[in-house]
């Protein structure tokens, strides 16, 4: 798939089934991820790849986090969060391992991990799989990391749900780029 075509046709897809990418394909995907912009070569991006019984472990984390951190939680919500990891055969947890540096602020390191996530999404698409980036309750907060045994400097930016699309890609609407661009000449 040509690079521009890949970028222009990438689509978030939430209905995902087996198979997920192979180990060899994931090696390529992670190599693409680690080509993201990275000021001072700090390598802030880390990933937890979850498949098989690992989904049970993630389910338990989501359930426990919800019980301990959501006020007025009910059984219906607990069940929803418990079942969330089973929406795809693979989940990649996006972690930014923020390092103290005199020239590279925390936000640059978070943005580097976000760029790595986009590279992952593009590589997955190029290999004819589908994915969706989910955040919500279980990302972008200071509490969730302890459930993954992360250090305080490690932040979860989200979860990439990965697999083979089980539905057709949604039609991508035409975008009037002129609404988003100011040109200085």
Flagged in the range 7-34 as in a helix (DSSP H, G or I), surrounded by 13 or more Cβ atoms within 10 Å (Cβ to Cβ) and modelled with pLDDT of 95 or more, in numbering order, are 25, 26, 28, 29, 30, 32, 33
State whether one or more residues within the range 113-121 are within 22 Å of residue 18 (Cβ to Cβ), within 19 Å of the chain's Cα centre (by Cα) and either in a helix (DSSP H, G or I) or modelled with pLDDT of 95 or more (or both). yes
Do we find that residue 52 is more than 19 Å from residue 94 (Cβ to Cβ) and surrounded by 14 or more Cβ atoms within 10 Å (Cβ to Cβ) in this structure? no
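Residue by residue, here is whether (1) touching a residue at least 40 places away in the same chain (Cβ under 8 Å); (2) under 30 Å from residue 9 (Cβ atoms) holds:
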residue: 48; (1), (2): yes, yes
residue: 60; (1), (2): no, no
residue: 118; (1), (2): yes, yes
residue: 128; (1), (2): no, yes
From the option list 70, 78, 95, single residue qualifying as touching a residue at least 12 places away in the same chain (Cβ under 8 Å) and under 14 Å from the mean Cα position of the chain (by Cα) is 95
Tell me, please, whether a residue that is part of a loop (DSSP other than H, G, I, E, B), within 30 Å of residue 100 (Cβ to Cβ) and either modelled with pLDDT of 95 or more or out of contact with any strand residue (DSSP E or B) (no Cβ under 9 Å at 6 or more places or on another chain) (or both) can be found in the range 54-61. no
Could you please find all residues in the range 167-185 being under 23 Å from residue 89 (Cα atoms) and at pLDDT 95 or above? none
For the range 126-136, state whether one or more residues are part of a helix (DSSP H, G or I), on the phi > 0 side of the Ramachandran plot and either surrounded by 13 or more Cβ atoms within 10 Å (Cβ to Cβ) or within 18 Å of the chain's Cα centre (by Cα) (or both). yes
Within the range 35-53, considering residues that are touching a strand residue (DSSP E or B) at 6+ places or on another chain (Cβ under 6 Å) and part of a strand (DSSP E or B), the one farthest from residue 96 (Cα to Cα): 51
Has the range 73-84 got at least one residue that is closer than 29 Å to residue 153 by Cα and either part of a strand (DSSP E or B) or out of contact with any helix residue (DSSP H, G or I) (no Cβ under 9 Å at 6 or more places or on another chain) (or both)? no
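The values are calculated or read from the model by the stated rules, or taken from the named source; none is laboratory data. In this text, all values refer to a predicted model and were calculated from it rather than measured experimentally. Note that we place each Cβ from the backbone using ideal geometry, even for glycine, and neighbour counts take in every protein chain shown.
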